[in-house]
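Participant: This is the structure, below, for whatever I ask next.
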Amino acid sequence: MIIKIIIVGLLAFMIYNLFRALIIMNKNDPNQPSMSKFIGRRVMTSVVIVLLLLVGILTGVITPNPRPF
């Protein structure tokens, strides 16, 4: 259960960084940090999520659906 909570938290963090990059892109303020900083965080968060899912499936903590339909 804890791994699912961590994944949901990481997904929320990823969406937060996506909207932060959107706001910075629209403002175009040179004093703000660059948009690539937030996009990079989003990409790294998605990599961590995929790795957590793979480790969870391989260790048996998360059981995938055996029939997708």
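The values are calculated or read from the model by the stated rules, or taken from the named source; none is laboratory data. Quick caveat, the model's predicted, so the values are computed rather than measured. FYI the Cβ positions are ideal-geometry reconstructions off the backbone, even for glycines, and counts take in every protein chain you see. Please note that ligands, DNA and RNA were not included when accessible areas were found on the heavy atoms of the full protein model with its side chains. Shrake-Rupley method; radii C 1.70, N 1.55, O 1.52, S 1.80 Å.
Participant: So in region 18-69, with the set limited to residues that are assigned to a loop (DSSP other than H, G, I, E, B) and of a type in the set (Ser, Thr, Tyr), which one is farthest from the chain's Cα centre (by Cα)?
Facilitator: If we take residues in region 18-69 being assigned to a loop (DSSP other than H, G, I, E, B) and of a type in the set (Ser, Thr, Tyr), then THR63 is farthest from the chain's Cα centre (by Cα).
Participant: Please enumerate the residues belonging to region 23-61 that are more than 17 Å from PHE13 (Cα to Cα), in contact with a helix residue (DSSP H, G or I) (Cβ under 7 Å, 6 or more places away or on another chain) and either hydroxyl-bearing (Ser, Thr, Tyr) or surrounded by 15 or more Cβ atoms within 10 Å (Cβ to Cβ) (or both).
Facilitator: If the condition is that a residue be more than 17 Å from PHE13 (Cα to Cα), in contact with a helix residue (DSSP H, G or I) (Cβ under 7 Å, 6 or more places away or on another chain) and either hydroxyl-bearing (Ser, Thr, Tyr) or surrounded by 15 or more Cβ atoms within 10 Å (Cβ to Cβ) (or both), then GLY56 is the only one that fits.
Participant: Pull out all pairs, ordered by first then second residue, where Cβ-Cβ is under 6 Å, the residues are six or more apart or on different chains, the first lies in region 8-33 and is under 20 Å from ILE49 (Cα atoms), and the second is open to solvent by 80 Å² or more (accessible area, probe 1.4 Å).
Facilitator: MET14/ARG42; ASN17/ARG41; ASN17/ARG42; LEU18/ARG42
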